[in-house]
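Undergrad: Below is a structure I'd like to ask you about.
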């Protein structure tokens, strides 16, 4: 057994001697290994840093997109509010100081908006009077539709066209303005062309108002 160990030891020494003579050094190998490990660690650190920077940039980009979307939404809401306020301002200016210098009761607007069901329309009427008149006014509104049915001219009182189950209530009483509305169901085959609005004040000296509107101009 000692002879075997001696033989193995001799072979190992011969191997190490051969490597030494060929320029191999264990110390150099260890230094190279250490240098390589250091470079790998350095490259790993650089890679981790790049990944962090990329993550930061992606997060910043997502934040920028979210912020832009939020700002865009808020800007749209603000513009809608400004437009609504401007429309209200125009409306109240019309009450305080009418452009036509007429200070009495008048029709501010008339709309006929499509409603649920074929041939159904929601009619909206806005009445105003200049603010210089602080007395209350009252009366009734009559609506008449004119158009074509079966190739011939036809006319209907709105009270006859009210949606079944609903009442025709177009009486007014206000000081500055009031909105009235009623839902109408037009006869089958009837093509409206114009609507006439008649305002019948309760005041004895007040003049009756009669104004006609073209249907395409008031229908939505």
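Undergrad: Starting with the highest mean, order 148-157, 58-67, 210-219 by the number of other Cβ atoms within 10 Å, averaged over the residues of each peptide. Mind dumping the intermediate values first?
TA: Numbers: 148-157: 11.8, 58-67: 10.0, 210-219: 13.3.
Those peptides, ordered most packed to least, come out 210-219, 148-157, 58-67.
Undergrad: On alpha carbon coordinates alone, what is the Rg over Rh value for segment 106-218, Rh being the Kirkwood radius? Let's see the in-between values first.
TA: Details: Rg = 14.7 Å, Rh = 14.8 Å.
So for segment 106-218, dividing Rg by the Kirkwood Rh gives 1.00.
Undergrad: Please sort 77-84, 181-188, 111-118 by packing, taking for each peptide the average over its residues of neighbouring beta carbons within 10 angstrom, highest first. Could the numbers behind the result be given before it?
TA: Working: 77-84: 10.0, 181-188: 16.5, 111-118: 13.2.
Result, highest mean first: 181-188, 111-118, 77-84.
Read-outs throughout are calculated quantities, based only on the coordinates presented, and are distinct from any laboratory measurement. What you are looking at is a predicted structure, and each value in this text was computed from that prediction instead of being measured. For neighbour counting, all protein chains shown are included, and Cβ atoms are generated from backbone atoms with ideal geometry for every residue, glycine included.
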